[in-house]
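This report refers to the structure that appears directly beneath it.
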Amino acid sequence: MEFREYGPEKAETMILLHGGGLSWWNYRSAAEQLQRDYRVILPVLDGHAGSGRAFTTIEEQAAELISWIDRKLGGSVLLLGGLSLGAQIVLEMLSQKNDICRYAIVESASVIPSRLTHALIAPAFGSSYGLIRNRGFARLQFRALHMRPDLFEAYYRDTCRIAKSDMIAFLRANTAYAPKPALQSCQAEVRIVVGGREQKSMIRSAKLLHETLRNSSLEIKEGLRHGEYSINHPDQYAAELRAMLREKPGTVGNRAGEAGDSNA
């Protein structure tokens, strides 16, 4: 696993985990804004371009990151955050070590397994994987993801470097993940975010997480699709993350459910 770092080494540390098929640049703009006050670490998840290792499971990726935090950061950090696959890994880390962080932000995490999608991933990518190196096809895929235009070159470069076996592995893991019972013992204050224009199953997942985590808030971002919050609105993401860290202990839990969870 590789890491990109921003900010002073001695500052309080946050770790942000990118979405599946993306890379550290998922959070680059937000990290640049946060680095004045925090040490921001952006890992490249296993199976992605430059990681140096094949993707295995969400559980093993979580355990690897916990071990790294134990060795390098004294066993805990201020905040863990993640998008989609990265958010699932954050949830798994909270399950495996309930005091791994004081705060967490979980964006667009699917926790309702889809057997049909899981079964279709291997044949679908087996037949279409060769197209990912076609620049025109990649641009169509990029537009379908609704990411801001300046990220296309990074997206194209790194997508071309993902092995087919890794892409199938992390997509299958993403569609099969369900939270562990141990997640209920999580000690962190957790902010759960989902886009109002995401699939209904994703919004149901967010609500399920909110019910599971007693010290959590749920925010449905009106008008946003999957991943748009952290990727396309890094200014807002960084500002709201700062606001979350400024709150007194317990206030995240007290706000739980206030932010639009009736819109699904």
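The values are calculated or read from the model by the stated rules, or taken from the named source; none is laboratory data. Nothing here was measured: the structure is a model prediction, and the numbers come from that model. Positions of Cβ are backbone-derived with ideal geometry, glycine not excepted, and every protein chain shown enters the neighbour counts.
A few notes on this one:
- Test: Ala54 is modelled with pLDDT of 95 or more, small (Gly, Ala, Ser) and farther than 21 Å from Ala163 by Cβ: no
- Any hit, segment 198-210, residues being in contact with a helix residue (DSSP H, G or I) (Cβ under 6 Å, 6 or more places away or on another chain) and more than 23 Å from Arg148 (Cα to Cα): no
- Test: residue in segment 175-186 that is within 19 Å of the chain's Cα centre (by Cα), basic (Lys, Arg) and in a helix (DSSP H, G or I): no
- Residue among Gly227, Gly257, Gly253, Gly195 that alone is of a type outside the set (Val, Ile, Thr), surrounded by 21 or more Cβ atoms within 10 Å (Cβ to Cβ) and either at positive phi or at pLDDT below 95 (or both): Gly227
- Any hit, segment 77-84, residues being crowded, with 24+ Cβ neighbours inside 10 Å, over 15 Å from Ala173 (Cα atoms), of a type in the set (Gly, Ala, Ser) and in contact with a strand residue (DSSP E or B) (Cβ under 8 Å, 6 or more places away or on another chain): yes
- Between Gln61, Gln33, the distinction of being among the polar types (S, T, N, Q), over 19 Å from Tyr177 (Cβ atoms) and modelled with pLDDT of 95 or more belongs to Gln33 only.
- Taking helices (runs of 4 or more DSSP H) as the structural unit, those lying wholly within segment 71-159 and holding at least 1 residues that are at pLDDT 95 or above and more than 20 Å from the chain's Cα centre (by Cα) correspond to 152-159.
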